[in-house]
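S.K.: Here's a structure for you.
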């Protein structure tokens with residue numbers, strides 16, 4: 001009986017530690033395509049996002065990104081994160097959240113960004129295809145009629161926490177520039193809206 005118990009324990013441990021057989025990138029792309037398919041197949045504009053599999057798909061995508069990162073050095077970028085950046089998935093999510101379609105999508109987008117920033121170790125805010133969507137999402141917060149103040153606060157707190165952890169990313173998030181002598185505030189604001197010249201941001205724009 002004791003031998004059988006030990007054998008069962010070993011088998012259970014082997015199952016728990018077994019590497020997934022499904023290719024992570026294929027699975028990641030499949031989840032994203034399922035999200036976009038919902039928009040193609042859904043004809044009922046009033047159907048809330050909670051009645052679709054979009055929230056589950058987004059959670060699976062996030063879990064894959066986090067798992068992938070644990071298998072890499074912090075400075076490395078895995079294929080799933082590369083796909084997210086190359087295909088501008090965060091920008092697309094921002095547009096879907098802004099459209100509030102399906103109803104409740106803005107809340108799901110806030111949750112995704114919040115968890116992405118809090119669970120990933122990589123300094124994502126220095127990447128242009130991350131901090132630009134973050135900027136857009138910040139501008140969408142506190143709009144009338146959204147009623148997602150809790151999720152907005154959690155998202156903004158996640159942004160602040162990451163900036164506190166990586167202070168150099170503040171210039172990327174705010175797109176601040178060093179103000180030359182004699183440059184007035186309006187000129188400074190116009191110039192700042194065009195680009196971020198912080199070394200980390202410039203490097204990120206090149207690498208993105």
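Bear in mind that the values in this text are calculations on the coordinates, not laboratory data. Not measured: the values here are computed from a predicted model. Cβ: placed from backbone, ideal geometry, glycine included. Neighbour counts: every protein chain shown.
S.K.: Identify the single condition in (1) surrounded by fewer than 20 Cβ atoms within 10 Å (Cβ to Cβ); (2) touching a helix residue (DSSP H, G or I) at 6+ places or on another chain (Cβ under 6 Å) that residue 172 does not satisfy, given that it satisfies every other one.
M.R.: Tallying (1) surrounded by fewer than 20 Cβ atoms within 10 Å (Cβ to Cβ); (2) touching a helix residue (DSSP H, G or I) at 6+ places or on another chain (Cβ under 6 Å), residue 172 fails exactly one: (1).
S.K.: Regarding residue 139, is this residue assigned to a helix (DSSP H, G or I) and out of contact with any helix residue (DSSP H, G or I) (no Cβ under 9 Å at 6 or more places or on another chain)?
M.R.: On the way: assigned to a helix (DSSP H, G or I): yes; out of contact with any helix residue (DSSP H, G or I) (no Cβ under 9 Å at 6 or more places or on another chain): yes.
So residue 139 passes the test.
S.K.: Taking the range 146-178 as the region of interest, how many residues are part of a helix (DSSP H, G or I) and under 23 Å from residue 111 (Cβ atoms)?
M.R.: Qualifying residue count, the range 146-178: 20.
S.K.: Here is a follow-up. Could you grab me the full set of residues in the range 108-119 that are surrounded by 18 or more Cβ atoms within 10 Å (Cβ to Cβ) and closer than 21 Å to residue 173 by Cα?
M.R.: 109, 110, 111, 112, 113, 114, 115, 116, 117 - these are the residues of the range 108-119 that are surrounded by 18 or more Cβ atoms within 10 Å (Cβ to Cβ) and closer than 21 Å to residue 173 by Cα.
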